Amino acid sequence: MKKISLNKRRLKHGSLATIVTIGFVAAVVLVNVIVSMLVERFPMDIDLTSDNIFELTDESIDYIQNLDKEITVNVLATEETFSSQNDYYRQAYEVIEKYEKYSDHITVKYIDLYTNPELEQKYPKEDLGTGSILVECGERYQVLTAYDLFNVQTNQQGTYITSSKAEQAMTSAIMNVTNANPPTVAVLTGFGTTDITAYTDLLESNGYIVEEVDLMTQDLSTDYTMTILAAPTLDLSENELSKLDTYLDNNGDFGKKLMYFASYRQGELPNLEEFLEEWGIIVGEGYLYETDASISYFDPNYTIQNYNDETYTETLSNTTTPVMMYAARPLSSAFGETAASSNRSTTILLETYESAVVVPPSALGDSESDWDPNTDGEKGVYATAMSGSRSRYEGTTPLISTVLAFGSVDMLDESFLTFAAMNNGDYMVNAANTLCDKDDGIQIVPKTLGTASLGISENQTNVIGGLAEFALPIIILAAGSFVWLRRRNK
């Protein structure tokens, strides 16, 4: 009878242990299911890197959580292809995923262009490639490339990523496509102007609406935030320049902008140049040539520019990479020192190094000319980008119209705007944003991966490693031995 009682007791304890084990396993499974569902819905992963390289900033989170429009983020690659290219793409992938988790209004899709060619047909003007990101909101969209997601550097060994600006690019793109009042730009046609499609496409992809206007047959509406006149080779008439004056005056309210680009290929344009001089900008003859081979790029006609005014650089993420111009015409101020006491002023934005000289018109294209830039040219610092402004105050509020002139329209060539070693693309978008008072998005410091750190000291690392390697196994072994001995003695 005693033996039977002992067996019953063991059976009782065994059944209880089995029930507890089954209950524990069921609880673990249930917790895993719930956690998995929560992780899919909410960002619950923990970023242990010292500068949170895989997490969004509070500014981005606050912005996207207040969205009231539907956003679709189309990553043009399979999820595996995009995330596995290298560590920087993995970081960008993690960042992009956070947008969908923090906002019910954002949907992230991964689309293989090879199996979904209809997307390229929908946007024939865009050069959509594998790895690009298409951010859509209704009819508005913006395309992000690798150069938007990352800061890159080029040297003799090739082009490589130096830091990630994926969050900056994503948040700015969402701001652009959800902007209820995007700035509109009028590109003036006729007069033998230069094709600047590469630049206008860049503006459109950054949230601008761009339209063409022929001043010969159309008036220039004050609805346009900015107007662009790209290196005309034919002079404008007084009637056409009067339309520009009316636009910039804006019934005395000012607030309008004109972006003008010159070219060494232009002939004499007395009417237009007189108009520019009224705004304080003199476009010189000839073009700039760099006598210092260590500064020029490709050849001496490609001059490297220095940034001179912080107004157009304070929101640039990169001011160490310079702007490059090809055969730029020199600019100078018509106001001199008198502008400081009037409602008109000029400011130099870009300028050459002091080793630049001006090639005179007589030597242009003349292979037999004996003019020598190293001996005949006057070396000095020459302005290549300049703003001329008119202003007045309404109470304490300044009202300003601005003409922004550049010495070279060739700086807008696609090869210049996309050249990673130069800052033309970013600078020209930033110039438009500054002129139009357009919010360029939330400024976020680029993030460098390098060797990712957990943000703990070496001593802390040794302590944690010791606990995991020795202390934890000993505790588990001791606990198991205690339970075994207790059950054996019953």
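Only the coordinates and a few stated rules stand behind these numbers; no lab work does. Computed from a prediction, not measured in an experiment: that's the story for all the values here. Quick reminder, even Gly has a Cβ in these numbers, built from the backbone with ideal geometry, and neighbours come from all protein chains shown.
Can you give the net charge of the other residues whose Cβ lies under 12 Å from the Cβ of GLU80, counting K and R as +1 and D and E as -1? Could you put the intermediate results ahead of the total?
Working: positive: ARG90; negative: GLU79, ASP112.
Here the charged neighbours net out to -1.
If you stretched the chain out fully between GLU59 and THR246, how much longer would it get, using 0.36 nm times the residue separation minus the C-alpha to C-alpha distance?
Here the answer is 63.3 nm.
Tell me the Rg and the Dmax, in Å, that the Cα atoms of the stretch 113-270 produce.
19.2, 56
Around GLU204, what is the net charge, scoring Lys/Arg as +1 and Asp/Glu as -1 over all other residues with Cβ under 11 Å from its Cβ? It would help to have the intermediate numbers written out before the result.
Working: positive: LYS125, ARG140; negative: GLU126, ASP201, GLU211.
Residues close to GLU204 contribute a combined charge of -1.
Please give every one of the aspartates and glutamates within straight-line cross-link reach of LYS98, meaning a C-alpha to C-alpha distance under 15 Å, and leave out same-chain neighbours fewer than 8 residues apart.
Here the aspartates and glutamates satisfying the reach criterion relative to LYS98 are GLU40, ASP45, ASP47, GLU55, ASP58, GLU59, ASP62, GLU79, GLU167.
Please say if the stretch 202-276 is rounded, prolate or oblate, where rounded means a/c under 1.5 for a ≥ b ≥ c the square roots of the C-alpha gyration tensor eigenvalues, and otherwise the choice is prolate for a/b larger than b/c and oblate otherwise? Show your work: numbers first, answer last.
On the way: a/c = 1.86, a/b = 1.21, b/c = 1.54.
Oblate shape, in that a/c is at least 1.5 and b/c is the bigger or equal ratio.
Quote to one decimal, in nm, the extra length available between THR448 and PHE298 on full extension: 0.36 nm per residue of separation minus the C-alpha distance between them.
Working: separation 150, 0.36 × 150 = 54.00 nm, distance 3.02 nm.
Length gained between THR448 and PHE298: 51.0 nm.
If you take the square roots of the eigenvalues of the alpha-carbon gyration tensor of the stretch 229-322 and sort them as a ≥ b ≥ c, do you get rounded (a/c under 1.5), prolate (a/b over b/c) or oblate?
On the way: a/c = 3.20, a/b = 1.44, b/c = 2.22.
Oblate, since a/c reaches 1.5 and b/c is not below a/b.
Name the shape class, rounded, prolate or oblate, that the alpha-carbon gyration tensor gives for the stretch 58-170, where a ≥ b ≥ c are the square roots of its eigenvalues, rounded holds for a/c under 1.5, and otherwise prolate holds if a/b is larger than b/c and oblate otherwise.
Numbers: a/c = 1.78, a/b = 1.19, b/c = 1.50.
Since a/c reaches 1.5 but b/c is at least a/b, the shape of the stretch 58-170 is classed as oblate.
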